[in-house]
1. Tally time: how many residues in the range 73-88 are in contact (Cβ under 8 Å) with a residue 60 or more places away in the chain and of a type outside the set (S, T, N, Q)?
2. Looking at Lys78 and the list (1) surrounded by 13 or more Cβ atoms within 10 Å (Cβ to Cβ); (2) under 25 Å from Ala25 (Cα atoms); (3) among the basic types (Lys, Arg), which single condition is not satisfied?
3. Output the residues belonging to the range 5-45 that are loosely packed, with under 14 Cβ neighbours inside 10 Å, among the polar types (S, T, N, Q) and modelled with pLDDT under 80.
4. List the pairs whose first member sits in the range 89-113 and is closer than 19 Å to Asn4 by Cα, whose second member is among the acidic types (Asp, Glu) and loosely packed, with under 15 Cβ neighbours inside 10 Å, and whose Cβ atoms are under 7 Å apart, counting only residues at least 6 apart or on separate chains?
Amino acid sequence: MASNGIGIWMDQSKAIIVKVRGDEASVERLEADVEAKHRATGGMRASRPYWHRSVNSARRADAIRADAIRRFYADLAKTVGDEPVFLLIGPGEGKEAFARFLADRGRAAPTTAAATSRLSEAQIVARIKTAAGRPAPRRSRATAGH
C-alpha cells in the first residue's frame, strides 16, 4: 500500500525530512543548535574540602542541552506541520524521543527504525520511499559505472 507523508532521518544535531507525494520526494534539512554532551574534566579547586565544584555547572550544561533538544524537536514538529509522519530512522535514541514528543502532543506515533549514521542522502530518500510503498529507483549497470 502506497502512502503520502513524511519520513525523517534524524540524530541529535540534524534532521533530513523527506516529503513523499506520489512518486516524487522532496528533501528538507533542519540543523539543531545542540552542543555536545558535557564531559567533566575534573573541575576546579573548591572552597570546601571534598566538594566537587563542577557538579552544578555540569547540571546546568545538561539542562541547557535538554532545552536545546526540546527546541529542536519543536522546530522539527513545526516544519512537519499536520502531515503524517510514517517513519523515523537514525542512529541513537533521538528518534524514539521525537516519537514520544509527537505522541505527547496528540499525534500518531510513527514507526521508528535503527539506521546507520553513514547513509547518504540518496540512500535515506530511497529507504523512506520504499517504506512509503514506492519502489526506489534502480540504476542500470550502464550508469552505475560497471
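1. Counting residues in the range 73-88 that are in contact (Cβ under 8 Å) with a residue 60 or more places away in the chain and of a type outside the set (S, T, N, Q) gives 8.
2. Failed condition: (1).
3. Listed by number, the list holds a single entry, Thr41.
4. That search, which allows pairs on different chains as well, returns Thr112/Glu96.
The values are calculated or read from the model by the stated rules, or taken from the named source; none is laboratory data. Just so it is clear, the structure is predicted and the values come from calculations on it, not from any experiment. All Cβ positions, glycine included, derive from the backbone under ideal geometry; neighbour counts span all protein chains shown.
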